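Have a look at the structure below, then the notes.
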Amino acid sequence: MARSKKEDVEGRFNSPVSITAADSSISLLKLMSILIIFVVGVVVGLASSSHIDRYFTFQSDQFNLNHPYVDTRQFCFNTPKIVVNCAREDCLSMDSFIKPHNLSHRMKDDELFWRASLVPQKEEFPFKRVSRVAFMFMTRGPLPMLPLWERFFKGQDVEKYSIYVHTLPGFELNVTNTSVFYGRQIPSQHVEWGSVLLVDAEKRLLANALLDFSNERFVLLSESCIPIYNFPTVYNYLIGSLHSFVESYDDPSRYGRGRYSRRMRPDIRLSDWRKGSQWFELHRNLAIKIVSDTKYYTLFRKYCKPSCYPDEHYIPTYLHMFYGPLSANRTVTYVDWSVLSPHPASYSASNITESFVQSLRNNRTLCSYNSQEIPICYLFARKFDASALEPLLNITSEVMGF
């Protein structure tokens, strides 16, 4: 029997063959949708990972010491310091220029001396300047008198003093972060007694201290030095002086003129040759002259070999030749050379009494100060060994006033 058209159409859609074809079409559509979603997901994922990689690469670079925007000279893990990234901060600011925040640097001596020799031509300071005394310690290792010096500086105006320590390379002062000596070591080099390397260390201390434009007076001290007056007395004495304190005299013996080399002629003549204590105190103007000198220092380096002791002759001779009137021609550090030895007398615990310290303070009756005669001649004394520390601490308040 023939079927109607309507029944034929319905029969085709309801037949197994028609159903299978429809299912296949739906499955193909689903597969294409899944593929499209997958491809979109891959593209989004790649884009995201690219941003993430760049983010972590950037973050990593911030801590990479080889990154071009990091000044690696600011990083030194042996001494405390403030790390400055010049890409983010103004490293040419007036504050960082007039007073370096960090004593650590990688300048060679000739670079350091050149920078320290720079002198502003404008007389007025564009900042409030308080004149400082730079206390420069030259030591081979520890500072046995450090607790005494800590007491000397305790409670004083930190704007009136600064501290610099030159040690043997590799040595680190073991002090707490509350100590006034914390972070005050300068980049140092090897030193040998009796050689020109001692002069190099002196100039290195001067040059580092000169980088702080508020430092006005510069006193050289050793690990065996002690103050014999309190800080206000020492500060006012040095800041108020019209002269530097460098001992310089003509010694006709073999320990003076006998150390002169004729190969220094004609620049340095025998009549120019002078001797004096290594332990000087200088005004800023003379300190700049010394770190700036190349000509006369070179002669000493070439011809003042061991047994000549350049640390006893270079500065006394140089200042005598060119700046004699600017010096009081005496030292403010007492040393006892009465013993027949290459080294001065040293003091231990058995020597320390109130009367002994008073004798150091009154060793000379009167001396010249700003063209007047005054009773205070010495501000410091040496050589004291470690055993003298405790008895000194017991009498400081009564005798020395700190």
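Residues checked against (1) modelled with pLDDT of 90 or more; (2) outside any helix (DSSP H, G or I):
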residue	(1), (2)
Ala47	no, no
Phe56	no, no
Asn85	no, yes
Trp114	yes, no
Pro120	yes, yes
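Could you grab me the full set of residues in the range 139-168 that are of a type in the set (Gly, Ala, Ser), touching a helix residue (DSSP H, G or I) at 6+ places or on another chain (Cβ under 9 Å) and either more than 14 Å from Tyr235 (Cα to Cα) or not in a strand (DSSP E or B) (or both)?
Gly155
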#### Entry: Number of the condition not met by Tyr297 [criteria: (1) within 24 Å of Ile374 (Cα to Cα); (2) assigned to a helix (DSSP H, G or I); (3) among the aromatic types (Phe, Trp, Tyr)]
(1)
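Of all residues in the range 246-276, how many are of a type in the set (A, V, I, L, M, F, W, C) and within 30 Å of the chain's Cα centre (by Cα)?
Residues of the range 246-276 that are of a type in the set (A, V, I, L, M, F, W, C), as a first pass: 246, 264, 268, 270, 273.
Retained after the next criterion (residues that are within 30 Å of the chain's Cα centre (by Cα)): 246.
The total comes to 1.
For (1) of a type in the set (Lys, Arg); (2) surrounded by 17 or more Cβ atoms within 10 Å (Cβ to Cβ); (3) over 29 Å from the mean Cα position of the chain (by Cα); (4) within 21 Å of Ala207 (Cβ to Cβ), each residue gets a yes or a no:
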| position | (1), (2), (3), (4) |
| --- | --- |
| Gln278 | no, yes, no, yes |
| Leu286 | no, yes, no, yes |
| Ile290 | no, yes, no, yes |
| Leu299 | no, yes, no, yes |
| Cys304 | no, yes, no, yes |
| Ser307 | no, no, yes, no |
| Phe322 | no, no, yes, yes |
#### Entry: Candidates Ala381, Ala386, Ala328 - the one that is within 23 Å of Ala209 (Cα to Cα), among the hydrophobic types (A, V, I, L, M, F, W, C) and out of contact with any Leu (no Cβ under 6 Å at 6 or more places or on another chain)
Ala328
### Query
If we scan the range 303-324, do we find a residue that is basic (Lys, Arg) and at pLDDT 95 or above?
no
### Message
If I filter the range 349-388 down to residues being within 31 Å of the chain's Cα centre (by Cα) and assigned to a loop (DSSP other than H, G, I, E, B), which single residue comes out as farthest from Asn329 (Cα to Cα)?
### Response
Asp385
### Message
Given (1) over 24 Å from Ser241 (Cα atoms); (2) surrounded by 14 or more Cβ atoms within 10 Å (Cβ to Cβ); (3) assigned by TED's automatic domain parsing to the domain that holds Glu312, identify the lone condition not met by Asn102.
### Response
(3)
### Query
From the residues in the range 139-167 that are within 19 Å of Asn102 (Cα to Cα) and of a type in the set (A, V, I, L, M, F, W, C), which one is surrounded by the most Cβ atoms within 10 Å (Cβ to Cβ)?
Val165
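Tell me which residues, restricted to the range 249-276, are surrounded by fewer than 16 Cβ atoms within 10 Å (Cβ to Cβ) and in contact with a Gly (Cβ under 8 Å, 6 or more places away or on another chain).
Tyr249, Asp250, listed by residue number.
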### Task
List every residue pair whose Cβ atoms lie under 7 Å apart, where the two residues are 6 or more positions apart in sequence or sit on different chains, the first residue falls within the range 281-308 and is closer than 20 Å to Trp193 by Cα, and the second residue, located anywhere, is polar (S, T, N, Q) and at pLDDT 95 or above.
Tyr303/Ser261; Cys304/Ser261
### Query
Which of the following residues is in the same structural domain as Trp114 (by TED's automatic domain parsing), buried (at least 20 other Cβ atoms within 10 Å of the Cβ) and assigned to a loop (DSSP other than H, G, I, E, B): Val234, Val219, Val199, Val191?
Val191
### Task
Answer yes if at least one residue in the range 302-309 is within 28 Å of Tyr229 (Cα to Cα) and polar (S, T, N, Q), and no otherwise.
no
### Message
Taking the criterion of being more than 30 Å from Glu398 (Cβ to Cβ) and among the basic types (Lys, Arg), would at least one residue in the range 195-205 satisfy it?
### Response
yes
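The values are calculated or read from the model by the stated rules, or taken from the named source; none is laboratory data. For clarity, every value in this text was computed on a predicted model and none was experimentally measured. Every residue, glycine among them, receives a Cβ derived from its backbone with ideal geometry; neighbour counts consider all protein chains shown.
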